[in-house]
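The next block holds one structure in the form of structure tokens; read it before the comments.
The values are calculated or read from the model by the stated rules, or taken from the named source; none is laboratory data. All values reported here derive from a predicted model rather than from experimental measurement. No Cβ is skipped: glycine too gets one built from the backbone with ideal geometry, and neighbour counts run over all protein chains shown. In case anyone asks, the SASA skips ligands and DNA or RNA and just uses the protein heavy atoms, side chains included. Shrake-Rupley method; radii C 1.70, N 1.55, O 1.52, S 1.80 Å.
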Amino acid sequence: MKVTLLQTDIRWAQPEANMQEAARLLDAHPDSDLYVLPEMWTTGFATKPEGIAHQECDNSALQWMQEEARQRHCAISGSVALQLTDGTYRNRHYFVDGRLGSVSYYDKHHLFTYGHEDRYYTAGQQHAIVEFAGSRLLLLTCYDLRFPCWSRYATDRAYDAIVVVANWPESRQSAWQILTRARAIENQCYLIGVNRVGDDAYSHYAGASVVVDAIGRTLAQCQKHLQQGLTVELDLAELARRRAKFRVLDDRDE
């Protein structure tokens with residue numbers, strides 16, 4: 001499975017401009033199976049979403065993802081700030097499969113209380129595991145990465161890779177480096193982590209989007225501070241062989 005990391009410099013509250021930049025990166029990296037965008041890739045990390053969040057009844061971000069995925073015969077993943085028709089807000093991680101014409105989503109469970117995300121957003125309570133291209137993918141969003149119990153591989157949560165999208169600031173870059181590897185090692189899976197670059201009113205973001213294998217090796221990593229796309233191929237057969245030979249998951253805590 002070919003995966004392309006789309007490490008973008010998000011323009012604050014400018015969805016159309018951010019969609020145009022994402023499309024440019026898609027054009028520059030054709031023929032991938034899956035493209036992964038950062039957290040709140042159309043707006044920036046809008047902790048105060050009023051007037052910024054997409055509307056559930058007219059979601060231009062989702063419409064863009066559906067059309068691009070359909071035209072390119074691929075899947076696209078990334079989160080957006082979303083206001084539901086009931087007036088509540090979600091940090092919703094969409095997974096759009098253009099081959100099947102399907103949309104799956106995960107609402108961020110661990111809201112970033114330090115940044116007051118919890119004051120405006122409602123936390124999701126359900127895991128989301130998506131079946132795609134012969135694999136099973138667990139969707140996570142940013143702060144979720146710090147909580148191993150939530151992402152734990154289990155009997156009812158069997159998966160091959162974690163897809164985590166983020167706005168992870170440079171001031172905590174060392175944690176990003178460690179936690180992406182820890183989640184991959186402890187769950188004996190691939191981890192695809194896509195972070196943004198650039199600045200907003202609160203933080204500077206260095207990127208370092210990464211793909212890590214089941215033993216914690218870096219298979220690919222974007223350059224820091226640079227908007228770019230980067231493609232890597234995941235070997236699912238090799239993952240299955242490694243799991244069968246070194247049966248760590250048999251001894252996991254349920």
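List of remarks:
- Subset of the stretch 153-189 (residues that are among the polar types (S, T, N, Q) and outside any loop (DSSP other than H, G, I, E, B)): Ser171, Gln173, Ser174, Gln177, Thr180
- Consider the stretch 120-135 and keep the residues that are in contact (Cβ under 8 Å) with a residue 12 or more places away in the chain and not in a loop (DSSP other than H, G, I, E, B). The one that is most open to solvent (accessible area, probe 1.4 Å) is Ile129.
- Subset of the stretch 169-181 [open to solvent by 10 Å² or more (accessible area, probe 1.4 Å) and either at positive phi or in contact with a Leu (Cβ under 9 Å, 6 or more places away or on another chain) (or both)]: Ala175, Leu179, Arg181
- Elements of type strands (runs of 3 or more DSSP E) in the stretch 30-115, at least 1 residues being basic (Lys, Arg): 89-97
- For the stretch 26-50, a residue qualifies if it is open to solvent by 10 Å² or more (accessible area, probe 1.4 Å) and within 19 Å of the chain's Cα centre (by Cα), and the qualifying residues are His29, Asp33, Phe45, Thr47.
- So Ala13, is it open to solvent by 10 Å² or more (accessible area, probe 1.4 Å), part of a helix (DSSP H, G or I) and at pLDDT 95 or above: no
- When the stretch 189-212 is filtered for residues that are touching a Leu at 6+ places or on another chain (Cβ under 6 Å) and either over 29 Å from Phe246 (Cα atoms) or open to solvent by 10 Å² or more (accessible area, probe 1.4 Å) (or both), only Tyr190 remains.
- Residue list for the stretch 214-242, restricted to those being touching a Cys at 6+ places or on another chain (Cβ under 9 Å) and outside any strand (DSSP E or B): Ala214, Leu239
Yes/no matrix, rows are residues, columns are (1) in contact (Cβ under 8 Å) with a residue 12 or more places away in the chain; (2) within 24 Å of Val130 (Cα to Cα):
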{"site": "Ala17", "(1), (2)": "no, no"}
{"site": "Ala53", "(1), (2)": "yes, no"}
{"site": "Ser60", "(1), (2)": "yes, yes"}
{"site": "Ser77", "(1), (2)": "yes, yes"}
{"site": "Gly87", "(1), (2)": "no, no"}
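- Selection status of Trp150, assigned to a helix (DSSP H, G or I) and under 27 Å from Ala23 (Cβ atoms): no
- Within the stretch 51-78, if we keep just the residues that are touching a Phe, Trp or Tyr at 6+ places or on another chain (Cβ under 8 Å) and farther than 17 Å from Leu25 by Cβ, the residue that is surrounded by the most Cβ atoms within 10 Å (Cβ to Cβ) turns out to be Ala53.
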